Amino acid sequence: MITVSAPGKLMLFGEHAVVYGFPCIVTAVSERLFVSIEETDDGNITVDAPQVTNTRFVDQAIADACDALHITHHGLHISTQSGFSNKYGFGSSSAVTVATVFALATLFQKNADKKTIFDIALHTILSIQGVGSGFDVAAATYGGILTYVKGGAVLEPLHWTMDDVSFVVGYSGVKADTTALVGEVAKKREKQKLTVDRNFEAIGNIVLKAREAGDRGDWETVGKLMNFNQEYLRNLGVSTEKLETMISAAKQAGAYGAKLSGAGGGDCIIALVSKTHVSDVVQALAGCGEVVSVEMNAEGVRIEQKEEKL
Ligand code: MEV
């Protein structure tokens, strides 16, 4: 029997452009999803996953991991437990997929490295969702704050020292439909290719500048770059009135910068705030949304508990 956990994620910079090959910056968050697997002897696979919207990701992850890692078993019982609600868009599907693959690899002593876990989980996610850059799979697997390029072409940990600043997260109350939003941006691009591609390029440059500014601890610049990134997301048509209200509230309360995080259309906003302004920004966001208490830079997939068979 083994229990592993994988973290959720938040996009810091570069959403949507990352789907078209530009880099993004993603962080793993402290909220985790837990998967326990035990081998049985009845030949059946049973899944008990009350908090996961559907068990498709678990079922497919088992099939893909067994196939890729040559696992043969006599039956499996899998149960999941989530430390976060899937309404926030923290990536419960990618976390449950990564955790399932890693749990199986460890239980059957397959000695798979993180890139192998990432590749299998990404294959599972894409075979179900069809679209996506895989940044969420990267965060769940590797943890930390990462510069990421689609498919894992770049997977570079960033070592940001955030002693004087925090990201404050606010939930808009609306669940985003990532697949639909990625589709809408694609449709817009069909009609206005040049304009949309210019937006993506600008976002790609913002990501590179944000990485440099974060590396040298220049949080004022990182905040400004979040505001620029948000302008381009607005141009792409994925922001909403509610998100804009929350972003303005955070900035007015003293945040260095704020933007939506993820596909847009709903889900969360993130604000970069100096430690001295956190309570002001929390109060401002509580007045127009739900403040979500979550830490960034969390550890990637890990073993929580392992019991050897007697
Ligand atoms: C969604 O959270 C972020 C997008 O860039 C999609 C993706 O990267 O898979 C819109």
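The values are calculated or read from the model by the stated rules, or taken from the named source; none is laboratory data. Keep in mind it's a predicted model, so treat the numbers as computed, not measured. Because the Cβ atoms are built from the backbone with ideal geometry, glycine has one as well, and the counts that use them run over all protein chains shown. Only protein heavy atoms, including side chains, enter the accessible area calculation; ligands, DNA and RNA are left aside. Shrake-Rupley method; radii C 1.70, N 1.55, O 1.52, S 1.80 Å.
Points worth noting:
- Qualifying position, being closer than 29 Å to residue 265 by Cβ and in contact with a Cys (Cβ under 6 Å, 6 or more places away or on another chain), among 35, 18: 18
- Restricting 178, 161, 195, 147 to those that are among the polar types (S, T, N, Q), open to solvent by 40 Å² or more (accessible area, probe 1.4 Å) and within 14 Å of the ligand (Cβ to nearest atom) reduces the list to 178.
- Single unsatisfied condition, residue 289 versus (1) open to solvent by less than 60 Å² (accessible area, probe 1.4 Å); (2) of a type outside the set (A, V, I, L, M); (3) more than 30 Å from residue 97 (Cβ to Cβ): (3)
- Within the range 119-144, being open to solvent by less than 30 Å² (accessible area, probe 1.4 Å), touching a Lys or Arg at 6+ places or on another chain (Cβ under 7 Å) and more than 9 Å from the ligand (Cβ to nearest atom) holds for 139, 140, 141.
- Residue-level analysis places residue 229 outside the set of residues that are surrounded by fewer than 19 Cβ atoms within 10 Å (Cβ to Cβ) and under 25 Å from residue 198 (Cβ atoms).
- Scanning the range 1-48 for residues that are more than 16 Å from the ligand (Cβ to nearest atom) and of a type in the set (Ser, Thr, Tyr), we see that the one that is farthest from the chain's Cα centre (by Cα) is 40.
- Residue selected from the range 84-97 under the condition in contact with a Gly (Cβ under 8 Å, 6 or more places away or on another chain) and not hydroxyl-bearing (Ser, Thr, Tyr), by the criterion nearest to residue 171 (Cα to Cα): 89
- Of note, residue 46 does not satisfy the criterion of being out of contact with any Leu (no Cβ under 6 Å at 6 or more places or on another chain), in a loop (DSSP other than H, G, I, E, B) and among the β-branched types (Val, Ile, Thr).
- Check on residue 216, under 26 Å from residue 160 (Cα atoms), open to solvent by less than 80 Å² (accessible area, probe 1.4 Å) and of a type outside the set (A, V, I, L, M): no
- Which numbered condition residue 71 fails, given (1) in a loop (DSSP other than H, G, I, E, B); (2) modelled with pLDDT of 95 or more; (3) away from the ligand (no atom under 16 Å from the Cβ); (4) open to solvent by 50 Å² or more (accessible area, probe 1.4 Å): (4)
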